[in-house]
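Read the structure below first, then the notes.
The values are calculated or read from the model by the stated rules, or taken from the named source; none is laboratory data. Predicted model, so just to flag it, every value in this text is computed and none were measured. Virtual Cβ from ideal backbone geometry, glycine too; neighbours counted across all protein chains shown.
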Amino acid sequence: MNGRFPIALHIMTLLCSAEGGVLSSEYMAGSINVNAVLVRKELSNLIKHKLVSSQAGKNGGYTLARSAAQITLAQIYETVKPEAVLGQAKNQPNPACPIGKQINQHISDLYIDIDRALMQKLGDTDLKAFVAKFD
């Protein structure tokens, strides 16, 4: 697991709350309480996935690339999705063991099911509905 999804979702929530206004990476870093370099790295990733737009110049910054109602939490998660939500084993099991020779396939099947359920849940909520939870 990693902390990229909460950062990406925080960024997207801030941009949605700005209602079309332009936000700086420094402002977002202050809200998230992380270094602005980390925010800019995540913003670059969100731009690459066409969820965020940037504006250069003195009054530049970042905005949502499209309506928050058209962005699901699943789309945000896809931009930072780790290879395995629950982690990867660093060792290879013993192929002579009746469990060891099958464990990786069963874990892989389990991860596919978990990923499907997670994406379904995140896909049911758009950014606009998520932001509506805030006062």
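Observations, loosely collected:
- Against the numbered list (1) assigned to a loop (DSSP other than H, G, I, E, B); (2) surrounded by 11 or more Cβ atoms within 10 Å (Cβ to Cβ); (3) of a type in the set (A, V, I, L, M); (4) without any contact (Cβ under 8 Å) to a residue 40 or more places away in the chain, Val80 comes up short only at (4).
- If you go through segment 1-36 and keep only what is assigned to a helix (DSSP H, G or I), surrounded by fewer than 14 Cβ atoms within 10 Å (Cβ to Cβ) and within 17 Å of the chain's Cα centre (by Cα), you end up with just Pro6.
- Summed over segment 87-119, the residues that are without any contact (Cβ under 8 Å) to a residue 12 or more places away in the chain, closer than 30 Å to Ala69 by Cβ and not aliphatic (A, V, I, L, M) give a count of 2.
- Looking across Arg66, Arg40, one residue alone is of a type in the set (Lys, Arg), assigned to a loop (DSSP other than H, G, I, E, B) and surrounded by 11 or more Cβ atoms within 10 Å (Cβ to Cβ). It is Arg66.
- Segment 1-44 - residue that is in contact (Cβ under 8 Å) with a residue 40 or more places away in the chain and in contact with a Ser or Thr (Cβ under 8 Å, 6 or more places away or on another chain) and, of those, nearest to Leu118 (Cα to Cα): Ala8
- Out of Asp135, Asp124, one residue alone is among the acidic types (Asp, Glu) and modelled with pLDDT of 95 or more. It is Asp124.
- Segment 83-105, subset surrounded by 10 or more Cβ atoms within 10 Å (Cβ to Cβ) and small (Gly, Ala, Ser), residue modelled with the lowest pLDDT: Ala84
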